[in-house]
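*Asks:* Supplied in structure tokens, the structure appears directly below.
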Protein chains: 2
Amino acid sequence: MLEHPSIQALLEKQKKQHHVASVLSLLGWDEQVNLPPKSSDQRGQQMATLSEVHHQFGSDPSISGLLKALEADWSQLNDQEQAIVKNSRKEFDRATRLPTDYVTEKAILDSEAYHAWVNARENDDFAAFAPFLKRQLEMAKRGAEFMGRGGDPYDYQIDLFDPGMTAQTIEGLFTTLKEELVPLSREILSSPVQAKNEQLKAFSVDKQEAFLKEVTAKLGFDYDRGRIDVAVHPFCSGNACDTRMTTRFHEDVPLDSLFSSIHETGHGLYEQGLPRDQLHNALGQAVGMGIHESQSRLWENQVSRSREFWQYFEPKYREAFPEQLSSLSSDDLYLAVNAVTLCPIRVDSDEVTYNLHIILRFELEKMLFSGELEVDELPDTWNRLSQEIIGLTPTSNKAGVLQDVHWSGGMFGYFPSYCLGNMIAAQLWYTLLEEMPDLLSDFARGDFSRLLGWLRDRIHQHGKRYETQDLVKRVTGDKINPKHLIQYLKDRYKPLYQ
Amino acid sequence: MLEHPSIQALLEKQKKQHHVASVLSLLGWDEQVNLPPKSSDQRGQQMATLSEVHHQFGSDPSISGLLKALEADWSQLNDQEQAIVKNSRKEFDRATRLPTDYVTEKAILDSEAYHAWVNARENDDFAAFAPFLKRQLEMAKRGAEFMGRGGDPYDYQIDLFDPGMTAQTIEGLFTTLKEELVPLSREILSSPVQAKNEQLKAFSVDKQEAFLKEVTAKLGFDYDRGRIDVAVHPFCSGNACDTRMTTRFHEDVPLDSLFSSIHETGHGLYEQGLPRDQLHNALGQAVGMGIHESQSRLWENQVSRSREFWQYFEPKYREAFPEQLSSLSSDDLYLAVNAVTLCPIRVDSDEVTYNLHIILRFELEKMLFSGELEVDELPDTWNRLSQEIIGLTPTSNKAGVLQDVHWSGGMFGYFPSYCLGNMIAAQLWYTLLEEMPDLLSDFARGDFSRLLGWLRDRIHQHGKRYETQDLVKRVTGDKINPKHLIQYLKDRYKPLYQ
């Protein structure tokens with residue numbers, strides 16, 4: 001399969017680097033899940049040193065010779081080898097063009113800015129966070145410059161998360177989406193139909209945990225190669241050998257931990273479906289965040305908010321929480337699962353208004369990078385655009401501009417992936433229904449294997465062989481098109497709310 | 001404080017190596033506490049790569065020049081600088097004198113021999129393990145030779161765990177101890193007084209955990225810089241910035257998890273008392289295993305098996321477990337805490353007979369290294385000496401010579417530290433009582449701060465500045481003397497069992 005003599009030597013080099021990367025990922029997980037409150041200084045130093053080691057492995061001068069030899073024989077490489085070489089070139093350039101000083105400074109800043117953000121959010125004090133955000137913005141621009149991407153630093157950021165994607169492409173997609181989605185969301189929100197989520201009370205954490213483990217195992221998550229723990233924010237980290245998810249629990253908001261867990265399970269199933277023996281190279285790694293998010297969203301929304309999913313799980317849910325669910329009919333429960341409400345917080349939002357939160361962030365990031373907007377003006381502009389796009393003004397920065405962790409880590413260009421993921425999920429969904437019109441009846445029997453098998457076959461097994469747009473086109477016959485998401489939201493929500 | 005110009009350069013080198021070492025320690029903790037069952041292959045690879053990185057940092061050729069410059073100015077160095085240089089020299093020689101071939105062979109043997117031991121113990125088949133033990137013995141002798149310690153390879157092993165200690169010194173100590181302890185243990189075991197530990201049943205794990213956290217926090221463990229989790233074997237890892245302890249729970253053996261936790265808390269308090277800003281060098285690191293064990297044993301035995309400790313905690317324990325403790329009087333409970341029973345397994349033994357298990361292992365190791373005893377004769381000699389020293393013959397090799405993991409990893413010379421720790425703990429205890437005759441009354445009030453302050457001042461703050469014997473002499477006025485342990489065991493157990 002991999003035949004070129006320089007490929008094996010290249011892979012050998014990448015293996016050790018990947019071991020260090022996977023340890024860095026574990027240190028990040030441990031920081032969120034286990035780290036004692038006063039132990040963060042040492043964690044920052046450990047991560048800085050390992051980042052340096054990771055950088056040294058990745059910038060090993062002998063890689064340059066191997067890549068040149070492989071690139072010289074480009075036409076003789078098969079498509080798997082080409083994918084490996086293309087991705088290695090990208091990583092090698094990233095590793096060698098960014099100076100060690102920069103990498104170390106960034107690692108330390110990431111840790112400091114994270115803690116500054118935690119405090120700023122707690123105290124609703126944007127001014128305390130602003131200097132860190134300015135430095136991160138500066139670092140992002142310097143990074144793009146080192147990579148020879150000085151002209152379009154925001155595109156460089158976007159490409160980090162979604163290979164091949166640009167701000168211009170996203171802007172086109174988001175403009176169409178916004179035109180349709182703003183009126184649709186207003187229409188749903190003004191409906192007299194109201195979900196009764198406030199009646200969901202006193203769901204004991206132990207039983208919530210047992211139920212969500214049952215659900216996620218049924219969906220296909222392999223707990224022999226992964227786990228789920230509690231953290232402030234739900235996330236999924238690790239790789240196919242050891243996938244670490246997190247969730248959070250509130251006794252009176254039981255659907256949050258359940259759907260967060262299902263969402264992370266979508267990510268986890270993607271990771272666990274990547275070829276385990278190719279983890280260290282492009283063939284065993286995820287395409288990017290857009291595709292990753294399409295997997296989490298498909299399982300969370302198209303699958304687990306469907307009537308058929310609840311046909312199977314509702315009796316089990318009622319068995320676990322008989323009293324808590326006694327006042328809700330099946331229709332009430334189904335409506336609660338698909339509740340749409342106006343909410344200032346992105347991560348607490350439903351799948352309709354969620355996309356508006358992303359469009360808001362994309363517009364702000366674009367302006368921050370173009371210089372049209374200063375960091376100090378961010379809170380006011382956030383509030384103004386929030387009113388325009390989402391339809392509300394947050395009552396505090398804590399519930400507005402300070403709500404998300406991403407910017408503290410300099411992760412600009414990441415937010416759009418969430419909405420790209422929603423679009424791709426809907427697009428995959430209609431392809432799935434075309435190929436298997438009776439797919440939903442599987443869910444009613446608690447059988448998710450046909451769906452998982454299809455995703456494994458069409459998406460997971462290919463690793464990074466195709467860039468985002470190419471993969472979507474290969475699987476669905478078309479590049480990303482927002483019409484599928486609009487269609488899906490209308491199909492699901494119009495009957496419910498009218 | 002640290003003034004020599006080469007010292008700062010040396011410390012800078014050691015810092016990054018220590019970051020890697022602390023991450024390796026965390027990976028080991030995570031392996032025992034969190035790792036999913038099928039994720040161990042990747043963990044092995046991560047640890048192999050990081051061990052290589054750690055070795056590269058430690059054998060950096062520029063360290064040699066720094067050490068030579070510092071050693072040339074030896075008389076101008078203050079005692080802290082001397083401690084740093086002395087320890088760095090030891091570590092650098094260890095990192096550079098062992099040939100790569102030897103290190104690789106040893107790493108492979110460690111892994112093979114571990115699995116061979118697991119199987120041999122399971123099948124009670126010493127012959128299957130013997131070839132690996134022979135090779136480990138051979139490797140230990142070769143290792144000592146590489147280090148220029150060919151004449152006394154067992155001393156080299158002992159010095160790995162207790163700097164400055166020798167087999168001859170230990171033999172002197174253990175001979176005296178054995179003379180007194182064998183008759184004392186027989187006397188206690190033949191007493192008609194019997195503890196009623198079998199009456200302790202159905203202690204819920206949640207409440208056990210809450211109680212042991214209350215106890216260990218009261219002793220002084222800082223949960224803002226540490227945690228305790230569940231693992232198969234109790235241990236303490238990490239360092240002063242982030243101390244990770246483990247324990248295990250059995251509903252019907254509640255004193256096991258409680259005293260294991262207190263034992264590990266003793267280790268944890270030592271780690272947390274080491275200077276946090278010197279972690280990366282000798283001034284912030286533990287002297288060795290003997291001193292470490294003296295800390296865990298002092299808190300576990302002298303402190304937490306005392307009447308005064310239970311005067312304070314008994315009401316709280318009864319409050320947590322009112323029914324479970326209802327059939328035991330205060331005296332019954334106190335006797336249960338100080339139960340002495342004949343047991344073939346070292347780790348399940350009480351503080352009286354435990355030392356006999358160590359003496360047995362030391363005598364066997366000494367004969368193995370001198371050539372007086374062949375590996376094939378080990379089971380018979382184990383059983384014979386076990387009868388002589390402990391007073392029982394194990395019914396199988398599984399419960400005898402195959403019970404401990406240490407030899408499979410070539411960790412000869414480690415066992416004596418456990419008993420040295422017991423001796424040092426008792427010696428510290430009588431010094432404490434001389435200086436603060438009313439110390440025990442603190443415990444009755446739930447106040448352990450005076451004790452902890454004294455240990456911080458006399459032991460913890462010094463890091464590795466003094467070798468084991470020098471530190472003991474500095475604090476107690478005498479080198480290690482077994483008479484204190486004998487005295488302590490008589491003081492505590494004679495009144496109880498007569």
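The values are calculated or read from the model by the stated rules, or taken from the named source; none is laboratory data. Here the structure is a predicted model, which is why all the values come from computation and not from measurement. Heads up, the Cβs are rebuilt from the backbone with ideal geometry, glycines too, and the neighbour counts pull from every protein chain shown.
*Asks:* Select from the stretch A:337-351 the residues that are part of a loop (DSSP other than H, G, I, E, B), more than 17 Å from the chain's Cα centre (by Cα) and not hydroxyl-bearing (Ser, Thr, Tyr) and list them in ascending order.
*Replies:* A:Asn338, A:Ala339, A:Val340, A:Leu342, A:Cys343, A:Pro344
*Asks:* Mind checking which residues of the stretch B:182-221 are assigned to a loop (DSSP other than H, G, I, E, B) and surrounded by 16 or more Cβ atoms within 10 Å (Cβ to Cβ)?
*Replies:* B:Ala195, B:Leu200, B:Phe203, B:Gly220, B:Phe221
*Asks:* Yes or no: the stretch B:232-247 includes at least one residue that is assigned to a helix (DSSP H, G or I) and either assigned by TED's automatic domain parsing to the domain that holds B:Arg456 or in contact (Cβ under 8 Å) with a residue 40 or more places away in the chain (or both).
*Replies:* no
*Asks:* Take the stretch B:364-383 and flag every residue that is charged (D, E, K, R) and either under 15 Å from B:Phe415 (Cβ atoms) or not assigned by TED's automatic domain parsing to the domain that holds B:Lys398 (or both).
*Replies:* B:Glu365, B:Lys366
*Asks:* Still on this structure, please answer the following. Output the number of the condition that A:Phe211 fails; it satisfies all remaining conditions of (1) in contact (Cβ under 8 Å) with a residue 24 or more places away in the chain; (2) within 13 Å of another protein chain (Cβ to nearest Cβ).
*Replies:* (2)
*Asks:* Would you please list the contacts, defined by Cβ atoms under 7 Å and residues six or more apart or on different chains, that run from a residue in the stretch A:148-173 that is buried (at least 21 other Cβ atoms within 10 Å of the Cβ) to a residue that is of a type in the set (Lys, Arg) and at pLDDT below 90?
*Replies:* Close Cβ pairs (under 7 Å, with a partner that is of a type in the set (Lys, Arg) and at pLDDT below 90) amount to A:Tyr156/A:Arg149.
*Asks:* Considering A:Asp256, A:Asp224, A:Asp229, which residue is surrounded by fewer than 21 Cβ atoms within 10 Å (Cβ to Cβ), within 14 Å of chain B (Cβ to nearest Cβ) and assigned to a helix (DSSP H, G or I)?
*Replies:* A:Asp224
*Asks:* Could you check B:Asp242 against (1) farther than 24 Å from A:Asp41 by Cα; (2) at pLDDT 95 or above and say which number it fails?
*Replies:* Tallying (1) farther than 24 Å from A:Asp41 by Cα; (2) at pLDDT 95 or above, B:Asp242 fails exactly one: (1).
This table checks each residue for (1) more than 29 Å from B:Thr468 (Cα to Cα); (2) surrounded by 18 or more Cβ atoms within 10 Å (Cβ to Cβ); (3) without any contact (Cβ under 8 Å) to a residue 40 or more places away in the chain.
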residue: B:Asp332; (1), (2), (3): yes, no, no
residue: B:Leu335; (1), (2), (3): yes, yes, no
residue: B:Asp350; (1), (2), (3): no, yes, yes
residue: B:Ala425; (1), (2), (3): no, yes, no
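Yes or no, residue by residue, for (1) in contact with a helix residue (DSSP H, G or I) (Cβ under 6 Å, 6 or more places away or on another chain); (2) not assigned by TED's automatic domain parsing to the domain that holds B:Phe161; (3) not aromatic (Phe, Trp, Tyr):
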site	(1), (2), (3)
B:Trp299	yes, no, no
B:Phe309	yes, no, no
B:Pro322	no, no, yes
B:Pro344	no, no, yes
B:Asn355	yes, no, yes
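*Asks:* Tell me, yes or no, whether the stretch A:405-412 has at least one residue that is closer than 27 Å to A:Pro482 by Cα and in contact with a Lys or Arg (Cβ under 8 Å, 6 or more places away or on another chain).
*Replies:* No: zero hits.
*Asks:* Got a sec? Which helices (runs of 4 or more DSSP H) wholly within the stretch A:1-113 have at least 3 residues that are more than 12 Å from chain B (Cβ to nearest Cβ), of a type in the set (D, E, K, R) and in contact with a helix residue (DSSP H, G or I) (Cβ under 9 Å, 6 or more places away or on another chain)?
*Replies:* Qualifying helices (runs of 4 or more DSSP H): A:79-97.
*Asks:* If you don't mind, another one. So A:Ile390 ticks every box in (1) closer than 24 Å to A:Gln295 by Cα; (2) of a type outside the set (D, E, K, R); (3) surrounded by 20 or more Cβ atoms within 10 Å (Cβ to Cβ) but one. Which box is left unticked?
*Replies:* (1)
*Asks:* Could you go through the stretch B:22-43 and let me know if any residue there is farther than 19 Å from A:Gly238 by Cα, out of contact with any strand residue (DSSP E or B) (no Cβ under 7 Å at 6 or more places or on another chain) and not assigned by TED's automatic domain parsing to the domain that holds B:Met411.
*Replies:* Looking for residues that are farther than 19 Å from A:Gly238 by Cα, out of contact with any strand residue (DSSP E or B) (no Cβ under 7 Å at 6 or more places or on another chain) and not assigned by TED's automatic domain parsing to the domain that holds B:Met411, one finds none in the stretch B:22-43, hence no.
*Asks:* Same structure again: Please state which one of B:Glu264, B:Glu271 is under 16 Å from A:Gln42 (Cα atoms) and buried (at least 24 other Cβ atoms within 10 Å of the Cβ).
*Replies:* B:Glu271
*Asks:* Residue by residue through the stretch B:337-348, note down the ones that are surrounded by fewer than 18 Cβ atoms within 10 Å (Cβ to Cβ), touching a residue at least 60 places away in the same chain (Cβ under 8 Å) and closer than 27 Å to B:Lys316 by Cβ.
*Replies:* B:Ala339, B:Thr341
*Asks:* Just wondering, is there one or more residues in the stretch A:263-284 that are in the same structural domain as A:Leu452 (by TED's automatic domain parsing), in contact with a helix residue (DSSP H, G or I) (Cβ under 9 Å, 6 or more places away or on another chain), closer than 30 Å to A:Arg445 by Cα and not in a helix (DSSP H, G or I)?
*Replies:* Yes, that holds for at least one residue.
*Asks:* Scan the stretch B:350-378 residue by residue and report those that are under 22 Å from B:Tyr488 (Cα atoms) and of a type outside the set (A, V, I, L, M, F, W, C).
*Replies:* Across the stretch B:350-378, the qualifying residues are B:Asp350, B:Glu351, B:Thr353, B:Tyr354, B:Asn355, B:His357.
*Asks:* What is the one condition in (1) over 21 Å from the mean Cα position of the chain (by Cα); (2) more than 18 Å from A:Leu258 (Cα to Cα); (3) of a type in the set (A, V, I, L, M) that A:Leu279 does not satisfy?
*Replies:* It fails just one condition, (1).
*Asks:* Which of (1) within 14 Å of chain B (Cβ to nearest Cβ); (2) free of Cβ contacts under 8 Å to residues at least 12 places away in the same chain is the odd one out, the single condition A:Pro192 does not satisfy?
*Replies:* A:Pro192 satisfies every listed condition except (1).
*Asks:* Continuing with this model, one more query. It is to be established whether one or more residues within the stretch A:368-377 are touching a residue at least 40 places away in the same chain (Cβ under 8 Å), among the polar types (S, T, N, Q) and under 30 Å from A:Ala128 (Cα atoms).
*Replies:* Yes, some residue in the stretch A:368-377 is touching a residue at least 40 places away in the same chain (Cβ under 8 Å), among the polar types (S, T, N, Q) and under 30 Å from A:Ala128 (Cα atoms).
*Asks:* Given the structure, is A:Gly290 in a helix (DSSP H, G or I), small (Gly, Ala, Ser) and closer than 23 Å to A:Asp206 by Cα?
*Replies:* The answer is no for A:Gly290.
*Asks:* If you don't mind, there's one more thing I want to ask. Among the residues of the stretch B:284-326, which ones are within 21 Å of B:Ile486 (Cβ to Cβ) and small (Gly, Ala, Ser)?
*Replies:* Matches in the stretch B:284-326: B:Gly290, B:Ser294, B:Ser296, B:Ser304, B:Ser306.
*Asks:* While we're on this one: Considering only the stretch A:306-331, how many residues are of a type outside the set (Gly, Ala, Ser) and part of a loop (DSSP other than H, G, I, E, B)?
*Replies:* Total meeting the criteria: 6.
*Asks:* Could you tell me which of the residues B:Ala140, B:Ala130, B:Ala144, B:Ala120 is within 22 Å of the chain's Cα centre (by Cα), surrounded by 14 or more Cβ atoms within 10 Å (Cβ to Cβ), touching a residue at least 12 places away in the same chain (Cβ under 8 Å) and assigned to a helix (DSSP H, G or I)?
*Replies:* B:Ala140
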